[in-house]
Structures are given as C-alpha cells and as structure tokens.
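**Student:** The structure's right below; bear with me while I get my questions together.
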Amino acid sequence: MDFSTLLSKIDAAVWGVPLIALILCAGLLLTIRTGFIQIRHLPRAFRYLFKEEEGAHGEVSGFASLCTALSATIGTGNIVGVATAIGILAGGPGALFWMWIAAFFGMATKYSEGFLAVKYRTIDSEGHVLGGPFYYIENGMGKKWKWLAKIFAFFGACVGLMGIGTFSQVNGISSAVVGFFDPNCENTVTIFGNTYSIVTVISGVIIALCAGLVIIGGLKRISSVSQVVVPFMALLYIIAVVVLLICNITKIPAAIVEIIEGAFGIRPIAGGMLASMLISMRNGVARGIFSNESGLGSAPIAAAAAKTHEPVRQGLISMTGTFIDTIVICTMTGLSIVMMGSWSNEALQGVQVTTDAFQKGLHFLPAQAASFILMICLVFFAFTTILGWNYYGERCLEYLSGKNRVAVMIYRILYIAAVFIGPYMTVSEVWTIADIFNGLMAFPNIIALFALNGVVARDTKDYFTRLKKGEISD
C-alpha cells in the first residue's frame, strides 16, 4: 500500500458518517437551542462588527478578531477546496448544496464557539487574554476534562503545522503562480529527486520569508495586517466573480438546477442515486467545514482576544465569518465552476478548475488577465491563512507546553519550514492530510459544544431579555 492510498483510507475513516453526523447534529441542536439565531439576529451581528463597546477588556477589537479569524478561514478552501469538492472525480455540483447546509447550521456552531471563547477566557499574569476550546473545555466542563483540552490543543497545533495552515495554502499559491508564469514548466530545477518549475522554488522562498516577518510580530501584527488585507482581498474576489456572474447570468438557473439535482442523486456522478448523494454530501460537508471551520474550534481562539463585555456580542460577530466565507465566497466560486462546466473536465485539478471557469466566464478579457486576477486573489487568501493558522497553532502549543517560549520558537521555525516545503507535495496528498487533522481536531470541540449547549442557550436568552428591557445598550 503506497502513502497516498494509506492517507485516503485514514481520511475516509476520520471523515466517515459519525463525524459528519456529529457536526451537523451539533449545528442543528445549537440552532434550535439559540432560537435560529443565524436567521433572527444576522443583521444585528453585522451591525456589531463596526460598533465597539466602550471600556471593554481585550487585546483587539471585535472587527480585528473577526479579520484574524477570517484571515485563517478565507483561504485556498474558497477557491481550490470548492473546485476539489465539486470536481467530476469528487462530489459533483451537488456538493455545493451540502456546503450550504453545513454553513447554515455551522453559523449557530460558530456563534456558540465565539460565545464560549469569551465567557470562559482567562487573563494570564502578564495581562494577556487567553481563550479558545481548551479553556472552555477546562473551565466550562471542569478540570477533570483537561485531558480532552490537551487532545484538542495537540491536534490544533498539528492542523496549523501540517494541515490548513501550511501545506495546502502554499501549495495552492505555488500552483496558481506556476500556472500563470510558467504553465508548461519550461524552466525547471531538480529538488528532492523530482523536477519542479523554478517559479515554484521562488514563490516558496518569498512566501516563507514574508510569513516569517509577520509571524514574529505575534497577534497584534497579524491582526493589523489582516484588517487591511482581508477586506481588500474579499472585495477584489467578490467584484471579479460578480462580473463573471452578470456576464453569464442566463446560465445561473441551469447551474442551480444542476446543483440541486446533484445533491440528491437525481443526476448521478458515481454509482446509483444513493451512492451519488452520499458522495456529494461527504465532499460538500467536509470541504464546507474545511473552508468555514465551523465546529473545528479554531476561530474561537481569535474571538477570545476581542474587546467585549458580552460573550453574545462576540458570538454574533464570529457567526458572520461563516456567512461571509461559505454563503458568499464559496457560493460564488461554486456557481462559476458549475456555470462554466469546468467541474466536468477530468484533465483539470485543483486551482486549474477555477482558473478554467474564470477564463471562460470573463471571456471579454484575455485568458492571461483572468488567470492573473485569480492568482492575485488566491495568493492573498492563502497568505493570510498561513498567518492566522500560525497564531492558532502557537496558542495551542502554549497551552500544551505551559507557555514555554523555546517550544513556541521551535514551532515557528518548523512552521516556516513547512511553508517552504509545501509546494513540493502533490495536491491530493496535501488536501488529504489537511482533512485528516481537521477531523481529529473537531472531535474534542464538538464534545464540548454538546456538553455546554445549555450554557449557550441560557445566556443567549438572558442577553436578549436584558436587551429588550433596556438594561444594556444594543
């Protein structure tokens, strides 16, 4: 059995029916317990984004904490991950529907994670705010569950180092850059016994250097960079895709029909109707969670640092991250790929699928111009994810090591090294490794969400009761 086959078997076991069912059930339970908060209070959540509380304790603003979370959330999953999920060899167009379902319930999950992160955060001796799943497991569930918190922290550090944070992001960057500057790999070098484009080497070195310069500055530098880059990159990508959709607006109805039919196996992509539906569901939910990270427990690490008195406020702000990431950005990517028929081309892989959709959809532009727009978006998306996940990984390692500075410094060095070697791994192996660690990280967090759902429901109801009575300002 070769390495790729072994990884695929492990991935299938981790992302089997039990984990998918757990994540969806947690989202469903929290949706009910919070009174469908993602529908009733989404406008208020966006309003809170730009309205800071006076005299609130924390390290960064609620908006900055969201940008830090989005810097880690909006990444190659929104471009490469969507393409991987709905490709002809994966879940087909129907996977996008299941990404929507995962995102809808995931918004209640993300709200609960942000809420718990603030409610159970602690202040260390130096005045730094510490929070995240390991603290709401330990402080919310009790000291006897500290072992579960450590398991989460271990897998969280691994996800950053060998999953979402490094390999998949820099691999996506190098693939996009090579596809634009050296698509035929005419200028090559031999590394690790294999031949690569010189562009791959150059891009890997530049990204590793830039990431290292920001990472050294810690949370405040990462959040300050994120506040500028995240809104810019999201707006640039949204404008490009909106233009694509408007130029091909007549194809949208047929694409939506194709997505719905694929989701329920009416238009099978593999085997019979049931088999096709299950494949679409698995790929859609797994990629949706990979993209918006609801249930993984990553975003609450950033949410805990927000300046706020009220956990509910930060929970609502955190919830908007899933909406922006999946309901907006992933939907735009998926629609473009389905509309242009790029998903059905077996010769295309990863970012090539989305590039093909951009070239066909933005037909009034030269092919190189469409590719350049996508490449720039992907580079920014992936780079900020590298930064955000380094912060997450370091917080996890600090919890495990008791804030051992040497351990954290070694982690930073390994992290930058992983960024450097990421381009030399195959696309399928990169995404499979990321999937495995994602799933393992989710288990402890989902257990905590089930255990603490009563606290979430009670305090949420209390907040809106006090708000209605005028005891607190909106």
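**Student:** Can you tell me the length gained on complete extension of the stretch Cys210 to Phe364, counting 0.36 nm per residue apart and subtracting the Cα distance?
**Tutor:** Taking Cys210 through Phe364 to full extension adds about 52.0 nm, to one decimal.
**Student:** Extension gain Phe3-Asn194, at 0.36 nm per residue separation less the Cα-Cα distance, in nm?
**Tutor:** Taking Phe3 through Asn194 to full extension adds about 67.1 nm, to one decimal.
**Student:** Given a Förster distance of 25 Å, report the FRET efficiency between Arg221 and Ser401 from their Cβ-Cβ distance, rounded to the nearest 0.05.
**Tutor:** That pair, Arg221 with Ser401, gives E of 0.70.
**Student:** Then there is this: Counting only heavy atoms of the protein chains, get the accessible area per residue of the chain (1.4 Å probe) and round it to a whole Å² value.
**Tutor:** 38 Å²
**Student:** When the chain is fully extended, how far beyond the present Cα-Cα distance does Ala275 get from Leu236, taking 0.36 nm per residue of separation?
**Tutor:** Between Ala275 and Leu236, full extension yields 10.3 nm more.
**Student:** Cross-link list Lys143/Lys461; Lys403/Lys461; Lys51/Lys469; Lys119/Lys144; Lys110/Lys403; Lys119/Lys403: which exceed 25 angstrom alpha carbon to alpha carbon?
**Tutor:** Lys143/Lys461; Lys403/Lys461; Lys110/Lys403
**Student:** Size of the dipole of the chain about the Cα centre, Lys and Arg at +1 and Asp and Glu at -1 on the beta carbon, nothing else charged, in debye to 20?
**Tutor:** Result for the chain is approximately 1200 debye, rounded to the nearest 20.
**Student:** Using a probe of 1.4 angstrom, how much of the accessible area of the range 419-474 is carbon and sulfur, in percent?
**Tutor:** Looking at the range 419-474 in its full context, I get 61 percent from C and S.
**Student:** Helix 405-421 against the longest principal axis of the chain: what's the angle in degrees, Cα atoms only, rounded to the nearest 10?
**Tutor:** Once rounded, the angle reads 20 degrees.
**Student:** Find, among the chymotrypsin sites (Phe, Trp or Tyr not before Pro) in the range 401-450, those assigned to loop by DSSP (not H, G, I, E, B) with at most 16 other beta-carbon atoms within 10 angstrom.
**Tutor:** Taking the range 401-450 and a limit of 16 other Cβ atoms within 10 Å, no loop chymotrypsin sites (Phe, Trp or Tyr not before Pro) are found.
**Student:** Set the Förster radius R0 to 51 Å, insert the Cβ-Cβ distance between Lys144 and Ile202 as r into 1/(1 + (r/R0)^6), and round the FRET efficiency to 0.05.
**Tutor:** 0.50
**Student:** For the range 26-147, which whole-number percentage of the solvent-accessible area (1.4 Å probe, protein heavy atoms only) is attributable to carbon and sulfur atoms?
**Tutor:** 62 percent
**Student:** Say a site is exposed when it is one of the GluC sites (Glu not before Pro), sits in a DSSP loop, and has at most 12 other Cβ atoms within 10 Å; what is then the longest site-free stretch of the chain?
**Tutor:** Value returned for the longest uninterrupted segment is 187-345.
**Student:** Given the rule -39500 (n - 2.57) for each run of at least 4 DSSP H residues, summed and divided by the residues of the chain, what is its mean residue ellipticity at 222 nm, to the nearest 500 deg cm²/dmol?
**Tutor:** After summing the helix terms and dividing by the residues of the chain, the value is -23000 deg cm²/dmol.
**Student:** Could you list the chymotrypsin sites (Phe, Trp or Tyr not before Pro) in the range 119-220 that lie in coil according to DSSP, counting only those with at most 10 other Cβ atoms within 10 Å of their Cβ?
**Tutor:** Answer by residue number: Phe192.
**Student:** Now a separate question. In nm, to one decimal, how far is the Ile421 label point from the Cys247 one, both placed 7 Å along Cα→Cβ?
**Tutor:** 4.1 nm
**Student:** Give me the distance in nm between label points sitting 7 Å out from Cα along the Cα-to-Cβ direction at Ile123 and Ala347, one decimal.
**Tutor:** In this crude label model, Ile123 to Ala347 measures out at 6.3 nm.
**Student:** If you don't mind, another one. So if the hydrodynamic radius of the chain is defined as the Kirkwood radius over C-alpha pairs, what does Stokes-Einstein give as its diffusion coefficient at 10 °C and 1.306 mPa s, in µm² per second?
**Tutor:** In µm²/s, the coefficient is 72.
**Student:** Among Gly297, Gln38, Thr326, which residue has its Cα positioned farthest towards the positive end of the charge dipole of the chain, with +1 placed on the Cβ of Lys and Arg, -1 on the Cβ of Asp and Glu, and the dipole taken about the Cα centre?
**Tutor:** Of the options given, the answer is Gln38.
**Student:** Note down the nm distance, to one decimal, between modelled labels 7 Å out along Cα→Cβ at His309 and at Ile101.
**Tutor:** Reported label-point gap for His309 and Ile101 is 4.3 nm.
The values are calculated or read from the model by the stated rules, or taken from the named source; none is laboratory data. Nothing here was measured: the structure is a model prediction, and the numbers come from that model. Here Cβ is always computed from backbone atoms with ideal geometry, including for glycine, and neighbour counts include all displayed protein chains. In case anyone asks, the SASA skips ligands and DNA or RNA and just uses the protein heavy atoms, side chains included. Shrake-Rupley method; radii C 1.70, N 1.55, O 1.52, S 1.80 Å.
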